[in-house]
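K.L.:
Shown below is the structure under consideration.
The values are calculated or read from the model by the stated rules, or taken from the named source; none is laboratory data. Quick caveat, the model's predicted, so the values are computed rather than measured. Here Cβ is always computed from backbone atoms with ideal geometry, including for glycine, and neighbour counts include all displayed protein chains.
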Amino acid sequence: MLPPATGVNRPRPLLKLWITLLAGTCSLTAEAAGRTTEYLLSNGLKLVVQEDHRAPVAVVQVWYKVGGSYEQDGATGTSHALEHLMFKRTTTLGSGEFSKIVAARGGEENAFTTADYTAYFQQWSAENVALSFKLEADRMQHLVLDAEEFKNERKVIREERRMRTDDDPQALAGEALTATIWQTSPYRQPVIGWGADIENMQLPDVRRWYERWYTPNNATVVVVGDVDPRAVLVLAKQYFGPLPSRPILPLMPRPEVPQHGEKRLTIYDKKVREPLLMLAFKAPVMSMVGTAGVDGKPIETWEIYALDVLAGVLDGGASARFFSKLVRGQELAVAASASYSAAARLEDLFSIDATPRVGTTLKQLERAIEVELALLKASPPLAQELERVKNQVRAGTVYQQDSMFYQAMIIGTLESVGLSWKLKDQYDAGILAVTPAQVQAVARKYLVRERASVAWLMPPEKN
């Protein structure tokens, strides 16, 4: 399926998602951007339609609230395997016929699985929205899981894991670090699944997963394009409306246990050409606002926005601290990045990755990053640093979204992690309200060794 789907466990950092997706190349008027309308069908299916009348095309995405973090030990990779099998056969379509129909109409289609959700999409002429609904409703209710096709697809998934993870030192190290960071949280599990779980996966387990989660009341349908929301609602009622809902048993809570000190991991791999430093701090996300934080007080919304801005201060272009000081200034690093995922279902990470320049050790580079974080904790960032980050958000607001696909992505992601799509219209205001003192406060609160995990990836040491 899509390359990014199983290589990482997290959605993209929210601030970078907004900056990247909103900063398009052509300015749109408010009328061109269109309005967003939400409907709820009687069977529990949510429909969100956003008008965009620049071209006679539309994107249809179907999001299911199930992904790798929903799985239990021993059954990892089930959501991803089912995603593959959804392109096979139904009671009305032969194997692969779904894709042939889309291709014959000049459309594009694919799917992706993350820790928090699985999504399917088509991009084509707006007149094909009805056909999208017909096809998606068919496989939502009438998927046929064939034993021979499952056997063949399992081989494909094994090869996918080998190419993207087992033979990629950086991906393998990231997987090992993730499993080290999280002791009890289901985010410790790889979306593609552990190798042994893929090998031992059985078709009845996949069938039960489909029957449990692929139901209208666990799905959000997002349509963005040259459409009339009321007409789209009529089509949704026609195709999705007759599908019966099923009770969704709640997941057993699997909260992460408190961390009592820094975790460290050193990974040696003969395929490593450049050493890599990975540093991660546990951090709250938007869905945790109002719940008890590390200090026992409720997590506040401003903290989430401040963490996003903090990532931008460290890694937001040539003027950001990491590039200006570590890459260009001291010339210690070839590259250094900071990322934070605010749109997640569970507690997530503030992550830092850095590649040392030849002649610099991982220890020296880690120390230099510690110094930069200490400076932020000691003194709030300068006003011009925040203005740079905020200008990036303003640029996104001015230029608007240049891609219908990613407009839909933002809506679907927010809805699938337990947030409202309406957050997309509040986001830049939240970022613009962040103060230097708030950025300093979250750095002091969350970028601490008690919440840190560190991994060094390096070639084997010479005897």
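K.L.:
Based on what the data block shows, is A119 in the same structural domain as K46 (by TED's automatic domain parsing), under 30 Å from S287 (Cα atoms), touching a Ser or Thr at 6+ places or on another chain (Cβ under 6 Å) and of a type in the set (A, V, I, L, M, F, W, C)?
P.N.:
So A119 fails the test.
Residue-by-condition table, conditions (1) of a type in the set (K, R); (2) over 16 Å from A452 (Cα atoms); (3) touching a Gly at 6+ places or on another chain (Cβ under 8 Å):
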{"position": "W302", "(1), (2), (3)": "no, yes, yes"}
{"position": "E370", "(1), (2), (3)": "no, no, no"}
{"position": "A374", "(1), (2), (3)": "no, no, no"}
{"position": "N391", "(1), (2), (3)": "no, yes, no"}
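K.L.:
Pairs, please: C-beta under 9 Å, at least 6 apart or cross-chain, first residue touching a residue at least 12 places away in the same chain (Cβ under 8 Å) and within 14 Å of A81 (Cα to Cα) and in the range 138-149, second basic (K, R) and part of a helix (DSSP H, G or I)?
P.N.:
L143/R207; L145/R207
K.L.:
Among the residues of the range 321-334, what is the count of those that are in contact (Cβ under 8 Å) with a residue 24 or more places away in the chain, of a type in the set (A, V, I, L, M, F, W, C) and crowded, with 19+ Cβ neighbours inside 10 Å?
P.N.:
4
K.L.:
With the structure loaded, tell me whether V144 is crowded, with 18+ Cβ neighbours inside 10 Å, at pLDDT 95 or above and not charged (D, E, K, R) or whether it fails that test.
P.N.:
Answer is no for this residue.
K.L.:
Conditions first: (1) closer than 24 Å to G174 by Cα; (2) without any contact (Cβ under 8 Å) to a residue 60 or more places away in the chain; (3) in a loop (DSSP other than H, G, I, E, B); (4) of a type in the set (A, V, I, L, M). A318 passes all but one, so which condition is the exception?
P.N.:
(1)
K.L.:
Starting from the range 230-245, keep only residues that are over 15 Å from T215 (Cα atoms), then list their pairs with residues that are part of a helix (DSSP H, G or I) whose Cβ atoms are within a distance under 6 Å, requiring at least 6 positions of separation or different chains.
P.N.:
L235/A130; L235/F133
K.L.:
Kindly provide the set of residues from the range 338-379 that are in a loop (DSSP other than H, G, I, E, B) and touching a Ser or Thr at 6+ places or on another chain (Cβ under 8 Å), ordered by number.
P.N.:
Residues satisfying the conditions are A343, A344, R345, L346, E347.
K.L.:
Identify the residue in the range 335-370 that is over 17 Å from T266 (Cβ atoms) and free of Cβ contacts under 8 Å to residues at least 12 places away in the same chain and, among all such residues, is surrounded by the most Cβ atoms within 10 Å (Cβ to Cβ).
P.N.:
The qualifying residue surrounded by the most Cβ atoms within 10 Å (Cβ to Cβ) is E370.
K.L.:
Just checking, how many residues over the range 305-315 are free of Cβ contacts under 8 Å to residues at least 40 places away in the same chain and touching a Pro at 6+ places or on another chain (Cβ under 7 Å)?
P.N.:
0
K.L.:
Does E387 count as in a helix (DSSP H, G or I), more than 23 Å from the chain's Cα centre (by Cα) and over 22 Å from I304 (Cα atoms)?
P.N.:
For E387, the condition - in a helix (DSSP H, G or I), more than 23 Å from the chain's Cα centre (by Cα) and over 22 Å from I304 (Cα atoms) - is not met.
K.L.:
Return the residues of the range 293-347 that are of a type in the set (D, E, K, R), over 18 Å from the mean Cα position of the chain (by Cα) and within 30 Å of K65 (Cα to Cα); say none if nothing qualifies.
P.N.:
Passing the criteria: K297, E300, E303.
K.L.:
Does the range 164-183 contain at least one residue that is not in a helix (DSSP H, G or I) and not charged (D, E, K, R)?
P.N.:
Among the residues of the range 164-183, at least one is not in a helix (DSSP H, G or I) and not charged (D, E, K, R), which makes the answer yes.
K.L.:
Here is a further query. Looking at the range 40-73, which of its residues are of a type outside the set (A, V, I, L, M), over 19 Å from the mean Cα position of the chain (by Cα) and not in a strand (DSSP E or B)?
P.N.:
Passing the criteria: S42, N43, G44, D52, H53, R54, P56, Q72, D73.
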